[in-house]
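To start, I am sharing the structure in question, which I have written as structure tokens.
The values are calculated or read from the model by the stated rules, or taken from the named source; none is laboratory data. In this text the structure is predicted, and so the values were computed from the model without any measurement. Cβ sites come from the backbone with ideal geometry, for glycine too, and all protein chains shown count toward neighbours.
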Amino acid sequence: MSFFSYAWDWVTTDAHWHGSGSIPQQLVAHLGYSGLPLLIAALIAIPLGVLIGHTGRGAVLVVNLANAWRAIPTLGLLILLAVYFGFTLFTWLIPLVVLAIPPILVNVYEGVAGVDPGVKDAAKGMGMTPWQQVVKVEVPIALPLILVGLRTGAIFVVATATIAAYIGLGGLGRFIIDGLANTQYGPVAGGALLVVILALLVLGLFSLLSRLLVPAGLRGAGRDNQ
Amino acid sequence: MMWSWIPSNWSEIWELTRENAFLGIVSPLIGLAISLPLGVVAARWRWFYPPTLVFVNVIYAIPSLALFIALIPAFGLTDTTVVIGLTVFSLCVILPNVVEGLRGVPRPVKQAATAMGYGPLRRLITVELPLATPVIIAGLRVGVVSSVSLASVGQIIGVSSLGYLFIDGEQRDFPTEIYVGLFMVIALAVVCDLILVGVRRALTPWASGRNRAAGERPRWVLTQRAPARVS
């Protein structure tokens, strides 16, 4: 049998849709475990990225941080914290937040720093205050890249929340980790399929957001940035 | 931290490092081998590129653990499963850089090569690919560093890598082992990255300091053409 037939059989079994630890419950849990860290990371990374992009200070740090980020094995980091502190809210939340920051930060920075100097001069020349320049000109122009950063961060947290099931986090990863522990491929395949669907929905959501939010004049640029 | 654990278990640590290096290096190299012809096609026939990019973005959104699991029925709990998964992810970061690198070759340079009597193939191999090398290697660096790190996730489905030190350390409640695993993964990634920087310098000796810096992150390649992935 192929992956899809295993996954389909498991997902379409009626019993898996009811009771505690059912598919709808873990799906909602997964959304929460991904959404919360993404939200916190965005609240930190967007203002910081705008600040660094606008002033140009700390740019080298941001780029190096984003490079170093790729080398970090998240599984190891999660397990290390779990061994020290047991499984608590902070054991999974802090690594997810900290690791979701770099992709958002670097894109926001690149977006804001990449705004055409002529456009910035024009904004200044029209008498805009620095705050107005940032909010009315730089951020809207940087929006396509800001959304790319948020998308990368979102995809990251969905994937990492799955792996965090290994240290005890709920969500769709539970089906995978518990299934592997019991050597049952059904829930493993089913959980994986649901995670993939969730990740693709996130991708679709961001492509919709970029259609809705990006100013019409920048739409071509937005497509280029993907 | 129990330092004495390291020398007494060094042979095992080294073996796991070798396995991790194999998974993390072979995959992006296969990814490069697939990306080059595809990239040449996408750079030449423009209509081919947008759908490829959509495909790449979709594949790249798949969590690594889920992709490994999807490959199990076909390839079992083997290295092949992890190598294929990591190859696919590497492809997603290398291919856009191949295309952008080739597209970034200045038109007058291509015209000069044609004027000198170069055919399309010879022009591609002796002029365009060498000029695109810095951008292609920038993509390869992302592919190698993230594959080295991601290979450890394969341990969850039982494919041996430095991830073993994480999982064993967790089961034995032994932080030293986890620290060693983290250190070795990062060290391996850094060493591979430095080697690739060396390779780029050797392959593009004409690039001066300033040009080289431009080659690494040229204006036409946004860093997120090669977004990082760590899980």
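Does residue B:207 satisfy the criteria of being part of a helix (DSSP H, G or I), more than 16 Å from the chain's Cα centre (by Cα) and more than 26 Å from residue B:12 (Cα to Cα)?
no
Oh, and also: Quick one: which of A:150, A:145 is modelled with pLDDT of 95 or more, within 18 Å of the chain's Cα centre (by Cα), part of a helix (DSSP H, G or I) and under 26 Å from residue A:212 (Cβ atoms)?
Matching residue, one of A:150, A:145: A:150.
Part of a helix (DSSP H, G or I) and in contact with a helix residue (DSSP H, G or I) (Cβ under 7 Å, 6 or more places away or on another chain), is that true of residue B:48? Walk me through how you get there before you give the answer.
Values: part of a helix (DSSP H, G or I): yes; in contact with a helix residue (DSSP H, G or I) (Cβ under 7 Å, 6 or more places away or on another chain): yes.
In short, yes.
Further question on the same structure: Those residues that are more than 10 Å from chain B (Cβ to nearest Cβ) and under 20 Å from residue A:27 (Cβ atoms), I need them from the stretch A:169-182; list them, please.
A:169, A:170, A:171, A:174, A:175, A:178 - these are the residues of the stretch A:169-182 that are more than 10 Å from chain B (Cβ to nearest Cβ) and under 20 Å from residue A:27 (Cβ atoms).
Here is a further query. Can you tell me how many residues in the stretch B:111-132 are surrounded by fewer than 18 Cβ atoms within 10 Å (Cβ to Cβ) and either part of a helix (DSSP H, G or I) or aliphatic (A, V, I, L, M) (or both)?
Selection size over the stretch B:111-132: 11.
Evaluate the following for residue B:172: is it surrounded by fewer than 18 Cβ atoms within 10 Å (Cβ to Cβ) and within 12 Å of another protein chain (Cβ to nearest Cβ)?
yes
What residue, among those in the stretch A:80-114 that are more than 28 Å from residue A:51 (Cα to Cα) and surrounded by fewer than 16 Cβ atoms within 10 Å (Cβ to Cβ), is nearest to the chain's Cα centre (by Cα)?
Result: A:89.
Name the residues in the stretch A:68-80 that are more than 8 Å from chain B (Cβ to nearest Cβ) and closer than 15 Å to residue A:165 by Cβ, would you?
Within the stretch A:68-80, A:78 is the sole residue that qualifies.
Table: residues versus (1) within 13 Å of another protein chain (Cβ to nearest Cβ); (2) out of contact with any strand residue (DSSP E or B) (no Cβ under 9 Å at 6 or more places or on another chain); (3) over 30 Å from residue A:154 (Cα atoms).
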site: B:10; (1), (2), (3): no, yes, yes
site: B:25; (1), (2), (3): no, yes, no
site: B:28; (1), (2), (3): yes, yes, no
site: B:47; (1), (2), (3): no, yes, no
site: B:50; (1), (2), (3): yes, yes, no
site: B:57; (1), (2), (3): yes, yes, no
site: B:69; (1), (2), (3): yes, yes, no
site: B:74; (1), (2), (3): yes, yes, no
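Still on this model: Which of the following residues is farther than 28 Å from residue A:85 by Cα, at the interface with chain B (Cβ under 9 Å from one of its Cβ atoms) and more than 19 Å from the chain's Cα centre (by Cα): A:185, A:166?
It is A:185.
Which condition from (1) assigned to a helix (DSSP H, G or I); (2) buried (at least 18 other Cβ atoms within 10 Å of the Cβ) is the one that residue B:159 breaks?
It is condition (1) that residue B:159 fails.
Across the stretch A:1-41, what is the total count of residues that are in contact with a helix residue (DSSP H, G or I) (Cβ under 6 Å, 6 or more places away or on another chain) and under 25 Å from residue A:140 (Cβ atoms)?
3
For the stretch A:19-30, does any single residue satisfy the condition of being among the hydroxyl-bearing types (Ser, Thr, Tyr), farther than 30 Å from residue A:146 by Cβ and free of Cβ contacts under 8 Å to residues at least 60 places away in the same chain? Steps first, please.
The first filter runs over the stretch A:19-30 and keeps only residues among the hydroxyl-bearing types (Ser, Thr, Tyr), leaving A:20, A:22.
Applying the additional criterion that residues be farther than 30 Å from residue A:146 by Cβ yields A:20, A:22.
Restricting the remaining residues to those that are free of Cβ contacts under 8 Å to residues at least 60 places away in the same chain gives A:20, A:22.
Yes, some residue in the stretch A:19-30 is among the hydroxyl-bearing types (Ser, Thr, Tyr), farther than 30 Å from residue A:146 by Cβ and free of Cβ contacts under 8 Å to residues at least 60 places away in the same chain.
Sticking with this one: Identify all residues within the stretch A:135-187 that are free of Cβ contacts under 8 Å to residues at least 24 places away in the same chain and touching a Phe, Trp or Tyr at 6+ places or on another chain (Cβ under 8 Å); write none if there are none.
Answer for the stretch A:135-187, where residues must be free of Cβ contacts under 8 Å to residues at least 24 places away in the same chain and touching a Phe, Trp or Tyr at 6+ places or on another chain (Cβ under 8 Å): A:177, A:179.
Residue-by-condition table, conditions (1) assigned to a helix (DSSP H, G or I); (2) of a type in the set (Phe, Trp, Tyr); (3) modelled with pLDDT under 90; (4) on the phi > 0 side of the Ramachandran plot:
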site	(1), (2), (3), (4)
A:5	yes, no, no, no
A:9	yes, no, no, no
A:20	no, no, yes, no
A:31	yes, no, no, no
A:40	yes, no, no, no
A:61	yes, no, yes, no
